[in-house]
Amino acid sequence: MFTRIKKDISVVFDRDPAAKSVLEVLLCYPGLHAIWLYRISNYLFKRGWVLLPRMICYFNRLLTGVDVHPGATIGEGLFIDHATGVVIGETCIIGNNVTLYQGVTLGGTGKEKGKRHPTIGNNVVVASGAKVLGSFNVGDNSKIGAGSVVLREVPPNSTVVGIPGRVVWHDGVKIKGRPDLDGIDLEHDDLPDPVVEMMNCMQRNIMRMEARIGHLEKELKKHES
């Protein structure tokens with residue numbers, strides 16, 4: 001237990017430059033408290049308890065602002081920054097070394113039974129206000145941009161932005177570090193805008209069409225003369 005607590009604290013120091021001391025992290029990081037309360041509720045939930053784990057879940061939400069169902073499956077190294085407004089559904093599966101920012105929802109899209117929440121791979125960063133809705137996979141080492149709404153599968157090593165979320169590949173971009181705790185890319189503010197890229201592409205096509213039409217008009221005038 002103490003080894004796991006020590007690892008949880010080290011995760012905070014690795015990913016939050018604002019952390020100054022162990023005592024500060026122990027007392028003032030609701031995301032850390034939310035993970036610890038989840039583990040207690042998950043332990044009881046797996047052993048057939050229902051009401052008590054849900055009561056712990058409700059207390060967790062009141063205390064930390066994180067609503068994580070005791071039935072969710074969460075790997076090692078989860079970091080919830082600022083915590084407020086984070087929702088994690090019952091059948092959600094979260095891999096190792098995942099980072100969630102405030103306002104993130106890992107939810108479902110209806111009243112279907114069975115697996116209805118997303119599976120988040122290893123080393124994934126989900127930025128502020130992003131919504132990942134439905135039963136599909138978000139591949140390892142991916143980034144979900146702030147405010148995005150993701151409704152379909154995300155391949156590994158990719159970036160998603162927009163509503164609905166669009167995948168932007170990282171062709172030619174070097175991945176910094178190793179794909180472990182020290183190699184997680186937290187630069188979720190440096191994201192391309194697919195809408196702007198589409199508008200630029202349309203503008204280039206219009207310019208080429210105008211040039212082509214101008215050339216044809218010149219050819220027509222030559223023939224007429």
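All of the numbers you see were taken from the coordinates with simple rules; none came from a lab. Predicted model only: the values in this text are computed from it and were never measured. We place every Cβ from the backbone using ideal geometry, glycine too, and count neighbours over all the protein chains shown.
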- Task: Provide the gained length on full extension for the span Leu51 to Ala211, in nm with one decimal, where the gain is 0.36 nm per separating residue minus the Cα-Cα distance.
- Result: 50.6 nm
- List, in the order given, every pair from Lys6/Lys115; Lys7/Lys143; Lys46/Lys115; Lys20/Lys46 whose Cα-Cα distance in the structure shown is over 26 Å. Lys6/Lys115; Lys20/Lys46
- With everything on Cα atoms, drop me the angle between helix 30-46 and the longest principal axis of the chain, reported from 0 to 90° to the nearest 10. 70
- Please go through the stretch 73-142 and write out the trypsin sites (Lys or Arg not before Pro) that DSSP classes as loop and that have at most 11 other C-beta atoms within 10 Å. Lys111, Lys113
- Give the percent of DSSP beta bridges with both residues in the stretch 2-191 that are antiparallel, rounded to the nearest 5. 15
- Query: At Ala18 and Ile163, where each label point lies 7 Å from the Cα along Cα→Cβ, what is the point-to-point distance in nanometres?
  - Reply: 2.5
- Query: So what's the angle, to the nearest 10 degrees on a 0 to 90 scale, between helix 194-224 and the longest Cα principal axis of the chain?
  - Reply: 10
- Task: Using percent of Cα pairs over 23 Å apart as the read-out, say which of (1) 46; (2) 58; (3) 53 was calculated from these coordinates.
- Result: (3)
- Query: Between the helical axis of 2-15 and the dominant principal axis of the chain, each derived from Cα atoms, what acute angle in degrees is found, rounded to the nearest 10?
  - Reply: 30
- Enumerate the amide H contacts of Arg166 below 5 Å, restricted to partners 5 or more residues apart or on another chain; note that Pro and chain-start residues carry no placed amide H. Val161
- So what's the net charge close to Thr3: Lys and Arg +1, Asp and Glu -1, counting the other residues with Cβ under 14 Å from its Cβ? +2
